[in-house]
Amino acid sequence: MNANTPQSHPAVFTIDETAPVVVRLSTVIDAPLETVWALHTDIDSWADWNADVDQAQLDGPLQPGNSFHWKTHGLDITSTVREIVPGERLVWGGPANGIDGVHVWTFEQTGGQVTVRTEESWSGAPVDAAAEELGQALQHSLTTWLASLKSRAEQQS
């Protein structure tokens, strides 16, 4: 499929707008969409370019319903792919240590650049108890993730 072809798939999954923690960030990457998408969706290789990810492994192909297991910031997380529109959108989520997270990634190519947007929501008892602290932690984690993705994609271009 050509990553530049518009898709008619409506967004099915969104973050929980009512969650105590919601973080939205974006970055512009000077690299082809194919490079950025390939890096981001090669879950087994996340630890190669994102220092915050200790390990990651996808169970089967990257498709809705399949899960991946990863370790980050001392947490063992199992996330389930909820939605994928190749070259445009990837959504995953699931519970981890009492936190219910939903993570939406979108990718938009303009010329030779790609705008990557990420938005994530966290809810659950641990978040209710420490929303400000956990919100700052998530903000830092996603900032690092985007910077790492940008750095690696631009190195490869």
Computed helical MRE - 222 nm, the chain, DSSP H runs ≥ 4 contributing -39500 (n - 2.57), nearest 500: -8500 deg cm²/dmol
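Sum up the charges of everything whose Cβ sits under 9 Å from the Cβ of Phe68, counting Lys and Arg as +1 and Asp and Glu as -1, but leave Phe68 out.
Working: positive: none; negative: Asp44, Asp59.
Surrounding charge for Phe68 is -2.
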Solution diffusion estimate, µm²/s, Stokes-Einstein, the chain, Kirkwood Rh from C-alpha pairs, 37 °C, viscosity 0.692 mPa s: 206 µm²/s
Region 29-84 - Rg and Dmax from Cα coordinates, angstrom: 11.8, 33
Label-zone membership for region 8-51, site Asn66, 7 angstrom Cα→C-beta point, backbone N under 12 Å: 41-44
Selected from Thr80, Thr18, Thr72 as most flexible by GNM, with the chain as the system and alpha-carbon contacts under 10 Å: Thr18
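Taking 0.36 nm per residue of separation and subtracting the Cα-Cα distance, what length does fully extending Thr80 through Gln113 add?
Values: separation 33, 0.36 × 33 = 11.88 nm, distance 2.87 nm.
Value of the extension gain: 9.0 nm.
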FRET E, pair Asp30, Thr144, Förster distance 25 Å, beta-carbon r, rounded to 0.05: 0.85
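Give the calculated FRET efficiency between Gln156 and Glu132 to the nearest 0.05, with a Förster radius of 35 Å applied to their Cβ-Cβ distance. Could you put the intermediate results ahead of the total?
Working: r = 37 Å, r/R0 = 1.05.
The computed FRET efficiency comes out at 0.40.
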Cβ-based net charge around Asp48, under 11 Å, with every Lys or Arg adding one and every Asp or Glu removing one: -1
Cβ-placed point charges (K, R +1; D, E -1), dipole of region 28-157 about Cα centre in debye, nearest 20: 160 debye
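Every number in this text was worked out from the coordinates using simple rules, so none of it is lab data. Given the structure is predicted, the values throughout are model-derived calculations rather than measurements. Neighbour counts are summed over all protein chains in view; Cβ atoms, including those assigned to glycine, are modelled from backbone coordinates with ideal geometry.
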